[in-house]
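The values are calculated or read from the model by the stated rules, or taken from the named source; none is laboratory data. Everything quoted here is computed from the prediction, not taken from an experiment. No Cβ is skipped: glycine too gets one built from the backbone with ideal geometry, and neighbour counts run over all protein chains shown. All accessible areas refer to the heavy atoms of the entire protein, side chains included, with ligands and DNA or RNA removed. Shrake-Rupley method; radii C 1.70, N 1.55, O 1.52, S 1.80 Å.
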Amino acid sequence: MPRAYGIPYRCLYSRNIENLMFAGRNISVTHTALSSSRVMSTCAILGQAAGTAAAIATRHGLSPRGVYEHRLGELQAHLLDDDCHLLDKPRAIGPLARAATLSASCGEPAIVINGIDRPRNGNLNAWQAGEGDWLEFRFAQPQTVGGMRLVFDSNLDFRILNMPSNYPLNAKFPDVPDTLVRGFRIETQSPDGTWETAVEVQDIAQRLVRLRFASRNTAAVRLVVASTRREEPVNVFAAEPLAD
C-alpha cells in the first residue's frame, strides 16, 4: 500500500540565490514528485512551512539555508505545535504536562501527551470521551497555569472533492464534522478542593484550539467535555496545560 512521504525543507529554498524561497508548485522536485506534491492542500502547508522558516530566518538573521543548518529543530517544533504533520516525528510535550499525573472519567488519558496528534499506523492516538467526561492533570506541587493546547478530531479522512464551492449548483456545503467536540470548559482546583471554571468555549469549529486565560496557581487542571455533536464518543488527540 502506498505510504505518505515527507517533503524536505531543502526543497523550499534556492540552491544558488541566497534569499529566495519557494512555496507551492514551484518547489524543487522532479516531475515524478510533482504529480502528488502539487495538490492544493499540500501547497498550503508548504506555504505555512516557508512562512514559518522566513520568520525564524528574520528573527535570527539567517538565510533560508541557514535555518536548515542551524535552526531546523526549531522550525520543526513550531510546525508540530501548529498541528502540521511531520512523518515519524512526535511533538515535544511541555514541562507542565510531563510533570503531571493524568486521570480521566473513562479511557486511557495518557495518550493525549504521546506527541502524536492524529491516527498513525493503525493506532487511534486519542482519548475517547462523551458529554460530561473529564480529563485531569494533577501536580505534586501547585503550578501556575495560564492556558491549554487541545487537538480535536475534525475527521481528516473525510474527502471533499473539488473543494467547497458552488459547483455543482445543488452541492451541499460540508457541515462542521460531527466528530468535533461542540463545547468544553477548563477547570482548575482551588486550595479548598473546589473546581472553578477558568474558561468555557461553545460551538467550536476547528481542530487545533490554543487558548489563554487568567493565570492561576493550582494543584490540578482538567478538561471537561460539555457537549458533542453526536451520540458516539468523540476523539481528543491532544490536551496539554500551558504555563503562564
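Is the shape of segment 1-123 rounded, prolate or oblate, going by the alpha carbon gyration tensor and its root eigenvalues a ≥ b ≥ c, with a/c under 1.5 for rounded and a/b larger than b/c for prolate? In terms of gyration-tensor shape, oblate.
The mean accessible area for residues of the chain, using a 1.4 Å probe and ignoring ligands and nucleic acids, is 57 Å² per residue. What the phi angles of segment 36-41 give under the Karplus curve with 6.51, -1.76 and 1.60, with θ = phi - 60°, is a coupling list of 10, 6, 7, 5, 5, 5 Hz, glycine and proline written as x. Legend: calculated FRET efficiency, residue 25 to residue 138, from the Cβ-Cβ distance at R0 = 45 Å, rounded to 0.05, equals 0.35. Scanning residues 5 or more positions from residue 104 or on other chains, those with amide H under 5 Å from its amide H are 136, with H placed 1.01 Å from N in the peptide plane. Listed values (1) 55, 54, 35; (2) 64, 51, 32; (3) 49, 47, 36 include one computed from this model; for Cα extents along the principal axes in Å that value carries the label (2). Counting Lys and Arg as +1 and Asp and Glu as -1 over every other residue whose Cβ lies under 15 Å from the Cβ of residue 149, the net charge comes to +1. Take the Cα of residue 202, go 7 Å toward its beta carbon, and the backbone nitrogen atoms of segment 219-242 under 18 Å from that spot belong to 224-230. When shorter helices are ignored and each DSSP H run of at least 4 residues is given -39500 (n - 2.57), the per-residue value for the chain at 222 nm works out to -6000 deg cm²/dmol. When segment 91-150 is described by a simple charge dipole with +1 on each Lys and Arg Cβ and -1 on each Asp and Glu Cβ, the residue from 130, 92, 141 located farthest towards its positive end is 92. Per-residue packing, averaged as other Cβ atoms within 10 Å, sorts the ranges 121-133, 45-57 into the order 45-57, 121-133, beginning with the highest.
Working note: Karplus 6.51/-1.76/1.60 with θ = phi - 60° gives segment 230-243 the couplings 7, 7, 6, x, 10, 9, 10, 7, 8, 8, 8, x, 10, 6 Hz, where Gly and Pro are set to x. Quick one: with all protein chains in place, what share of the accessible area of the chain is carbon or sulfur, to the nearest percent (1.4 Å probe)? With neighbouring chains kept in place, the figure for the chain is 52 percent. You can think of it this way: the chain between residue 98 and residue 192 has 31.4 nm of extra reach, that is 0.36 nm per residue less the Cα-Cα gap.
Summing +1 for each Lys or Arg and -1 for each Asp or Glu among the other residues whose beta-carbon sits under 15 angstrom from that of residue 30 gives +4.
On the basis of the beta-carbon distance and an R0 of 22 Å, residue 55 and residue 210 show a calculated FRET efficiency of 0.80.
Annotation: amide H of residue 147 within the under-5 Å range of 213, 242, sequence separation 5 or more or interchain, hydrogens built in the peptide plane.
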